[in-house]
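Values quoted throughout were computed directly from the atomic coordinates according to the rules given, and no laboratory measurement underlies them. Remember, predicted model here, so these are calculated numbers, not experimental data. Cβ placement follows ideal geometry from the backbone for every residue including glycine, while neighbour counts extend to all protein chains displayed.
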Amino acid sequence: MTAAVLLWDFGDTLADETWMQREPRGCADWPNAWTQVMQQHADSWSKGMIDEGFVFDALSARTGMDLASIERHADECCRSIRYHTAAWRAATERRLPQALVSVNPDLFVDRVVKVHDLASHFDAIVVSCEEGTDDKTRLCEIALDRLGFEGPRRDAMLVDNRSDLVEAWVHSGGSAYRYRGDSSFESDWPSFLR
């Protein structure tokens, strides 16, 4: 399995996806509140149908925290993302043309992409909230267009932790690697580049 282009997922592939679940001082119920609000609104948020203001209002109603505290906490959480060492190192080596392809809301675009300067590591960044779809295969196709990739789809490798998304990309003719953790990734990674 070799690749000409890499399409990287973000949450639970390059980084720990639970960054917004860290509880702020004085709100021990934050992880539960976050989970409940996400169960209700994550799909619409990731498609750009609602914005972070709407979600912060829902979190405020659920937790009793004021909006300024919620915004401050969200900002702190987004600044303190923990990256998976081997996967992040491989992505930042930029050995091939590559795109970040993520199902995420405007919070990710405004508070993660910018703060972590992800544009300096990827040739294109495709985020579902900006494209109006959470269909990962469609997002990967958009990424290939933005990369100017005209080769066979089988040479475009999606690196993602979710088996359903990996299978969908493979079913569409692409190639994929399912990320299962840094130790297996570190030993498998060199074979992508042969």
Study note, to complete from the structure: extent check for region 56-119: Cα max minus min per principal axis, descending, whole Å, gives 47, 19, 16
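Would you kindly calculate the translational diffusion coefficient of the chain, applying Stokes-Einstein with the Kirkwood radius from alpha carbon pairs, for 25 °C and a viscosity of 0.890 mPa s, and quote it in µm² s⁻¹ without decimals?
Working: Rh = 17.3 Å.
The calculation lands on 141 µm²/s.
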Review point. Taking a label point 7 Å from the Cα of K114 along the Cα→Cβ vector, which residues of region 58-76 have an amide N closer than 18 Å to it?
Key: 68-76
Review point. What whole number of Å gives the distance from the Cα centroid of region 1-73 to the Cα centroid of region 166-188?
Key: 25
Practice item. Please compute the Cα-Cα pair-distance distribution of region 19-79 with 10 Å bins starting at 0, giving whole percents from short to long. Key: 23, 61, 15, 0
